[in-house]
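> The structure is given below, and queries will be raised subsequently.
The values are calculated or read from the model by the stated rules, or taken from the named source; none is laboratory data. This one's a predicted model, so the numbers in the text were calculated from it and none came from an experiment. Neighbour counts are summed over all protein chains in view; Cβ atoms, including those assigned to glycine, are modelled from backbone coordinates with ideal geometry. The accessibility values were calculated without ligands, DNA or RNA, using every heavy atom of the protein model including side chains. Shrake-Rupley method; radii C 1.70, N 1.55, O 1.52, S 1.80 Å.
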Amino acid sequence: MDKYNHKKVEDNWKKHWFDNNIYKAVDFSPKPKKYILAELPYPSGKFLHLGHMMRYTVPEIYSRFMRMRGYNVLFPMGWDCFGLPAETYAIKNGITPQEAVAEAMTNFKASMQDMGYAIDWAREIDTSDPKYFKWTQWMFIELWKKGLAKVKVMPVWWCKELGVLADEEVLPDPDGPTGKKAERDGHPVEKRLFKQWVLDIPAYADRLLKDLDTVDYNEAVKEGQRNWIGKSEGAKIIFRVKNVEEKEIQLEVFTTRPDTIFGVTFLAISPQHPAVELLIKNTKNEKQLKDYIEKASGLSDLEKQKKDKTGVEIIGVLAENPLNWRRVPIFLADYILADYGTGAIMGVPAHDGRDYEFATKYNLEVVEVINNPKNNQENNDNADSEKLLYEGKGVLKNSDSFNNMGSDEATKAILQKLKEIGAGEEAVTYKIREQIFSRQRYWGEPIPLIYKKDGTIENIPIEQLPLELPIIKDFYATKEGESPLEGVGEWVNTTDSQGNAAKRDTDTMPTWAGSNWYYARYIDPKNDKEFANMDKLKYWMPVDKYFGDAGHTTAHLIYARFWYKFLFDLGLVPSSEPFNWRMSGGILLGADNRKMSKSRPEYSVDPKDTIDNYGADATRTFLAFLGPYSETFPWNENGIKACYRLMRDIYNLRVKVSNDIGSKGHAIEKDYHKTLKNITGMLEDLKMNTGVSEIMKFVNLLKKQKDIPQDIWRGFIAILAPFAPFLSEQLWQEINNYADWIDENSIHLQEWPQYIEELTVDAMVNIPIQINGKLRAVIAVKSEISEAEIREAVILEDKVRKYITSPEDIKNFRYVKGKVVSITI
RNA sequence: GGGCGAGUGGCGGAAUGGUAUACGCGACGGACUUAAAAUCCGUUGGGAGUUAAUCCCGUGAGGGUUCGAGUCCCUCCUCGCCCACCA
């Protein structure tokens, strides 16, 4: 008998599968469609590590299962090539980004084929391919035309040596001069203002929030998105100010608690607030204020967080509370965010923790306007600081005509009053920000706009797309913070639509530009007339199951939804949501118990090693067996050895398969149908880990048999197929004695076997007997037994008689059919 | 500080409110071997009891609902992830 040789088994079949593309998805097939999507990797680094493979294996097993169940399955794969990871990798290795991604794509694809992934490679995409990013650029132009892509001056990370840096290139550096350093070479990094393209995602905030109700994401993902969008309802309230030159200035604040307006004892505004310049002019401490603004602009967000709140009073101006005309001081304060709400707040120290902290520091008055229920019962003669702060709702006091109202009632009444006097109204604000959409970098989609002599902007004509990157040797970020493209004169200098000299925009798009819509391109990847044909989109979209990184729950998933909604508004896609269902995958930890990562290759397992040593089937089965998809697991080589033994044992079972087709009455007939039923349910529920254990159990049973009926063996091979595609193909071809390869004969194009329901239930069942909640006996009875019959049987049971001397002892007898007998005595 | 999730053997984990610890790893004992590895067989939550029958305890802690709770509810503790001066 020949021994299981995983190499021999696995080298044989993948050539046939991929040369003939047996896993192809058929447009407009009459079968029901199933679009199963796993996030595309970005090809940087030498290999996809086992952590990636864990992310893909469960979706892939599911895709095979659905194919065998008669669905027309689309399970595509592609490469998110543009962006920083590839550029960094190229710099480190002294090659160009183009070379870096080409090398990585080749390796990654080979790796996935080695794993046997059932991917329709005819639909492979590469976001850095001009044929692809032509459409990314085209969509950007549409966004720009609709005013959703616009130029803004924004603070970005900047370093004297390296120029503009992305968030992920910047590390904390508590001892350094700026508190931040570049990941590369450790140069100090600070924030500088630069012109940036931004996407107006907040314009879609409300729809992004509401439409969460129409999709099937798990609650954690939805909550993550809701928090990210961060809708707050409250009011905008206008405070009047006269500056030292007696000009009237209005300061608008945002608050979620209009009911506390009588407790305002100061106003605080962001140092970046647009009215600041006017406000501080000719004030007594103008110089001090200007110094403060200068200092605050240099702070990183992290530093702002750690530091105590600071502020400087604008001496000489006061703000007037519109309801009680009380005049309060105005502070510049760095704890006020310029780009949230109105960039200004009303300070209510009695009822807001941050305001309280600030007021304490600067000796500002604390006026209580909401009764603190905790203080009610006590005589608060020793009014210590803790008791002064109360952030909950309650009954108003010290609030003129609004006294004794509850917070909710008072909010309504106060808003009504503010509206009457024209000093405020309801307002909604969101945490979600405009997203910076440009990078002063080489390796990205060029922004397809040009600047005319007169300073206006126009897009390059659609027929001239794609606008490709010039091939240059020196693609490093520049020290001045300009894009490396700035120096490529022959590329930058162009002509506008009237034939006048003009300059190209030299920014490129961020890493995540291409991944906003890639799932739509898989549907029609070769189309050069449009990004995807509407009829095909109608057939395939939306995505039925979307698997990806837990870290993408907010950013990527929101951006993609925004982008798709925009396409929907243009009438170019058939639905307003791209993904019907989403599950986030867990993490595989390396030998150092930290996440496997490209940046730490020494702790990341190359699947090539496990495929060489144990085979792709064992590797796949191991990854599926680890546990639930969304959990985190440590790498353990013994686990994969166990899966190798499983494959070997299955292979060795071949010799027991009898020539008899029929399994009727065979000892394992019922076990087979039960196993099949269990695994079918588990695969539907994506519980691949228990699916593998069902296979293990059944194999343990088969090993004990003298012979295995051929129909059960055939069914078992089909059950095995999604998990171990190579071995199952081998066994299937063998049992059928196929001489030559024919696509239709592949196990992977066979139907999923049917179980017979009657054979999954046993004639006899073991029923546990609980007496007063404690398990006292187990009896075997006919599964169809009646309550009266089982009562009789239970009373006769010796172990029960130990506790019950006569039937009268039984106060309550309960039989839950097929489950349990529960007796109360 | 906010949000979400999770706490079950030595370890990864299993369990529509119904026999807790399936399946796998590890460990221990045995077989084979000159020996080791590999392989095979057996044992494996804790305690009492004779290695038996049997009994007690046991799913982070404490309460509750229920005939019955790992599972549902309340309070608390711990850990993980995400967000974080968001007014």
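> Which condition does A:Ile238 not pass, out of (1) away from RNA strand B (no atom under 16 Å from the Cβ); (2) at pLDDT 85 or above, if it passes all the others?
The one condition A:Ile238 does not meet is (1).
> Could you tell me which of the residues A:Gly94, A:Gly78, A:Gly83 is on the phi > 0 side of the Ramachandran plot and open to solvent by less than 30 Å² (accessible area, probe 1.4 Å)?
After applying the criteria, what remains is A:Gly83.
> Out of the residues in the stretch A:349-361 meeting the condition of being open to solvent by less than 70 Å² (accessible area, probe 1.4 Å) and over 37 Å from the mean Cα position of the chain (by Cα), tell me which one is farthest from A:Ala268 (Cα to Cα).
It comes out as A:Ala350.
> Among residues belonging to the stretch A:611-635 that are within 15 Å of RNA strand B (Cβ to nearest atom) and among the β-branched types (Val, Ile, Thr), point out the one that is farthest from A:Tyr56 (Cα to Cα).
A:Thr632
> Let me ask something else about it. Could you tell me whether A:Ile661 is open to solvent by 70 Å² or more (accessible area, probe 1.4 Å), more than 8 Å from RNA strand B (Cβ to nearest atom) and in contact with a helix residue (DSSP H, G or I) (Cβ under 6 Å, 6 or more places away or on another chain)?
When the stated conditions are applied, A:Ile661 passes them.
> I need the full set of residues from the stretch A:512-555 which are within 30 Å of A:Glu490 (Cα to Cα) and either open to solvent by 30 Å² or more (accessible area, probe 1.4 Å) or of a type in the set (Phe, Trp, Tyr) (or both), in order please.
Matches in the stretch A:512-555: A:Trp512, A:Asp528, A:Lys529, A:Glu530, A:Phe531.
> Report, by residue number, each residue of the stretch A:791-822 that is among the aliphatic types (A, V, I, L, M) and modelled with pLDDT of 90 or more.
Within the stretch A:791-822, A:Val816, A:Val820, A:Val821 qualify.
> When A:Val800 is evaluated against the numbered criteria (1) within 24 Å of A:Arg654 (Cβ to Cβ); (2) crowded, with 16+ Cβ neighbours inside 10 Å; (3) without any contact (Cβ under 8 Å) to a residue 60 or more places away in the chain, which criterion, by number, is the only one it fails?
(1)
> Would you check which residues across the stretch A:206-264 are surrounded by fewer than 16 Cβ atoms within 10 Å (Cβ to Cβ), in a helix (DSSP H, G or I) and of a type in the set (S, T, N, Q) and list them?
A:Thr214, A:Asn227
> Moving on to the next point. If I ask for residues that are among the aromatic types (Phe, Trp, Tyr) and under 23 Å from A:Pro525 (Cα atoms), which ones from the stretch A:70-102 would you list?
A:Tyr71, A:Phe75, A:Trp79, A:Phe82 - these are the residues of the stretch A:70-102 that are among the aromatic types (Phe, Trp, Tyr) and under 23 Å from A:Pro525 (Cα atoms).
> On the given criteria, is A:Leu467 within 30 Å of A:Asn372 (Cβ to Cβ) and either part of a helix (DSSP H, G or I) or in contact (Cβ under 8 Å) with a residue 40 or more places away in the chain (or both)?
no
> Taking into account only those residues within the stretch A:28-45 that are in a strand (DSSP E or B) and open to solvent by less than 10 Å² (accessible area, probe 1.4 Å), which is farthest from A:Met77 (Cα to Cα)?
Among those residues, the one meeting the criterion is A:Tyr35.
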